[in-house]
Amino acid sequence: MSRKELWSGRFREAIDPLFREYSSSPEDAKLLKYDVAGSIAHVRMLGTTGIIEKKEAAAIEEELRNIYISNAEKPEQLLEGEEDIHLAVERMLISKLGDAAARLHTARSRNDQIALDLRLYCRDSLLSIARELEDLERVLLKNARKYSSCPIPSYTHLQRAQPVYLAHYLLAHFWRFERDLTNMRCVFDEINVSPLGAGAAAGTSHQIDVSMTARLLGFDSHFENSLDAVSDRDFILSLLFMLSRIALHLSSFAEELVLWSTSEFSFAMLPDSIATGSSIMPHKKNPDIAELLRGQSAAIISHLFGAMSIVRTLPMGYSRDLQLQKKMLFNSAEELMASLKAAKLLLSSVRFSAENMKKAASDVLTYSVELADELVRNGVPFRKAHEAVGKIVLESISSGRDFLSIVREKYPSLKIPSSVIEDIEMRSSYGSSSGKNIALQLTEAHNRLERLKKWRQRAEAKNRAVERLLRINGRDRA
């Protein structure tokens, strides 16, 4: 063999260059930090338990740290000609320390290594996305406070329903994202389990300390079954589902802004800095940023289905198919992060037309529910009240007469909203769009976001275990 593989003992022939290229994992460059941190935790445990000499363990740990520092800015250079990040790091370590470095892989397999690296990557990505999502929610709350008394129609079936305040619309999106953040806590707990020590599939005969490595890496617990530990990719599917759900919510928000920025609605206007023009029609101003948000959700969702399709046919134990999940995971996390930044820019920049929204919300036909409810309060059963008001709506449309004028003729003593604001304020039930309830929502939304922020900060403290092992910023905080 022209270049000896670290697993080549039972092979007579060198690996075919085409197969090497086909089976390599250049995307592993994203895992360098996590792979080195995991190796440091592992070798420190080997030295502490006496499986290898403490002096050798210390030398390996220090050189691992040097490898990370030397390659952190351009990790892809480490992978040139290598099968994966694990072998790339180990080969460089051996080139520096010789036989002593060959002891690093004692009681460990690439199977539990990659499971570890992916969990650390997922943990880091989840928390980064949580921070970005919090920022987007703060922009939503800022706009909700600004437009707390600006009427706008609500819609069902994309037809005008009942008038609400724009703040109510924005808070509806807030609560969607708040559920995403809340559920990310559950996904974090699922991710934050150490698989290190599971070996290839069946554990090891060495007396390792899996609790020590879990603790060093900031995990809440460690695996219970070695075979499950190397097979499990449920945590990736859970994270991909969360990312897909956030993308769906971004897409819904973007779709509304696409509609609202049309001449037909004229509720929203994008500044020139985040809009584009037409190459042939000089008058056009296109909401491409919102359209891309809407379209990007399809790519993120496709990664979830791709990852699920890979594991659906796999038996228990590691299979090389799982390598292909990495691209889907990395792409999904990066695409969603970019989408969250774009959404924050869009929501920070968009201008709403209070005048046009109020004009649309003042469609008196949308007062029909409150008028039916007034009849109910006067003793009419709701279904009969609904039918009576519906007939008035039909008469108004057929004759062209003013809807409220007909109501006054037929029910002169009925309390009729005199304005869209009065109509909105008549709905005082909990969670409705009245000014009082908007104020309550804003307070609860702020409090909920602060609680989620505190959870994230606690989770980030666990995540900093990787930095401690790598002595990032020159400080060993382990």
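The values are calculated or read from the model by the stated rules, or taken from the named source; none is laboratory data. For clarity, every value in this text was computed on a predicted model and none was experimentally measured. For neighbour counting, all protein chains shown are included, and Cβ atoms are generated from backbone atoms with ideal geometry for every residue, glycine included.
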Could you list, in sequence order, all residues of region 42-56 that are more than 34 Å from the chain's Cα centre (by Cα) and among the β-branched types (Val, Ile, Thr)?
Thr48, Thr49, Ile51, Ile52
Given the conditions (1) more than 30 Å from Leu346 (Cα to Cα); (2) β-branched (Val, Ile, Thr); (3) touching an Asp or Glu at 6+ places or on another chain (Cβ under 9 Å), which single one is not true for Val258?
(1)
Need pairs with beta-carbon distance below 9 Å; first residue assigned to a helix (DSSP H, G or I) and within region 58-70, second hydroxyl-bearing (Ser, Thr, Tyr); sequence gap 6+ or separate chains.
Ile60/Ser39; Glu61/Ser39; Leu64/Ser39
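For (1) basic (Lys, Arg); (2) assigned to a loop (DSSP other than H, G, I, E, B); (3) crowded, with 16+ Cβ neighbours inside 10 Å, each residue gets a yes or a no:
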| position | (1), (2), (3) |
| --- | --- |
| Thr366 | no, no, yes |
| Lys384 | yes, no, no |
| Gly390 | no, no, no |
| Ser396 | no, no, yes |
| Arg401 | yes, yes, no |
| Pro417 | no, yes, yes |
Any residue at all in region 147-169 that is in contact with a Leu (Cβ under 8 Å, 6 or more places away or on another chain) and closer than 24 Å to Tyr318 by Cβ?
no
I'm checking my understanding of the structure. Among residues of region 338-348 that are of a type outside the set (Lys, Arg) and surrounded by fewer than 16 Cβ atoms within 10 Å (Cβ to Cβ), which one is farthest from Ser154 (Cα to Cα)?
Ala338
Please identify the pairs in which a residue from region 390-410 that is touching a residue at least 60 places away in the same chain (Cβ under 8 Å) has its Cβ atom under 7 Å from the Cβ atom of a residue that is among the polar types (S, T, N, Q), counting only partners at least 6 apart or on another chain.
none
For region 240-272: of the residues being touching a Ser or Thr at 6+ places or on another chain (Cβ under 7 Å) and polar (S, T, N, Q), which is surrounded by the fewest Cβ atoms within 10 Å (Cβ to Cβ)?
Ser266
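Considering only residues that are surrounded by 14 or more Cβ atoms within 10 Å (Cβ to Cβ) and among the acidic types (Asp, Glu), look in region 1-32 and name the one that is modelled with the lowest pLDDT. Don't jump to the end; show me each part of the working.
Residues of region 1-32 that are surrounded by 14 or more Cβ atoms within 10 Å (Cβ to Cβ), as a first pass: 5-6, 15, 20, 24-32.
Subset that is among the acidic types (Asp, Glu): 5, 27-28.
On the way: Glu5: 65, Glu27: 87, Asp28: 89.
The qualifying residue modelled with the lowest pLDDT is Glu5.
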Filter result for the condition that a residue is assigned to a helix (DSSP H, G or I) and farther than 16 Å from Arg245 by Cα, over Ala290, Ala307:
Ala290
Mind listing whichever residues of region 152-202 are surrounded by fewer than 24 Cβ atoms within 10 Å (Cβ to Cβ), in contact with a Phe, Trp or Tyr (Cβ under 9 Å, 6 or more places away or on another chain) and in a loop (DSSP other than H, G, I, E, B)?
Asn192, Ala200, Ala201
Taking interchain pairs and intrachain pairs at least six residues apart, which have beta carbon atoms under 9 angstrom, with the first residue in region 323-334 and assigned by TED's automatic domain parsing to the domain that holds Leu243 and free of Cβ contacts under 8 Å to residues at least 60 places away in the same chain and the second of a type in the set (Val, Ile, Thr) and part of a helix (DSSP H, G or I)?
Leu324/Ile310; Asn331/Ile300
Please enumerate the residues belonging to region 321-374 that are small (Gly, Ala, Ser) and within 35 Å of the chain's Cα centre (by Cα).
Ser332, Ala333, Ala338, Ser339, Ala342, Ala343, Ser348, Ser349, Ser353, Ala354, Ala360, Ala361
Exactly one of (1) closer than 29 Å to Ala338 by Cα; (2) in contact (Cβ under 8 Å) with a residue 24 or more places away in the chain; (3) of a type in the set (D, E, K, R) is unmet by Lys142. Its number?
(2)
Filter region 20-41 down to residues that are more than 25 Å from the chain's Cα centre (by Cα), over 18 Å from Glu63 (Cα atoms) and assigned to a helix (DSSP H, G or I), then give me how many there are.
4
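With respect to Ile236, determine if the residue is assigned to a helix (DSSP H, G or I), in the same structural domain as Arg123 (by TED's automatic domain parsing) and within 30 Å of Ala354 (Cβ to Cβ). Break it down into steps so the answer makes sense when it comes.
Values: assigned to a helix (DSSP H, G or I): yes; in the same structural domain as Arg123 (by TED's automatic domain parsing): yes; within 30 Å of Ala354 (Cβ to Cβ): no.
Judged against the criteria, Ile236 is not a match.
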Among the numbered conditions (1) within 30 Å of Val311 (Cβ to Cβ); (2) part of a helix (DSSP H, G or I); (3) of a type in the set (A, V, I, L, M, F, W, C), tell me where Leu141 comes up short.
(1)
Which numbered condition Asp35 misses (of (1) at positive phi; (2) surrounded by 20 or more Cβ atoms within 10 Å (Cβ to Cβ))
(1)
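How many residues are among the basic types (Lys, Arg) and either under 21 Å from the mean Cα position of the chain (by Cα) or buried (at least 21 other Cβ atoms within 10 Å of the Cβ) (or both) if we restrict to region 73-109? Give the steps one after another, and end with the answer.
Applying the first criterion (among the basic types (Lys, Arg)) to region 73-109 yields 74, 91, 96, 103, 108.
Filter once more, so that each one left must be either under 21 Å from the mean Cα position of the chain (by Cα) or buried (at least 21 other Cβ atoms within 10 Å of the Cβ) (or both): 108.
Selection size over region 73-109: 1.
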In region 403-415, what residues are in a loop (DSSP other than H, G, I, E, B) and either within 48 Å of the chain's Cα centre (by Cα) or polar (S, T, N, Q) (or both)?
Ser413, Lys415
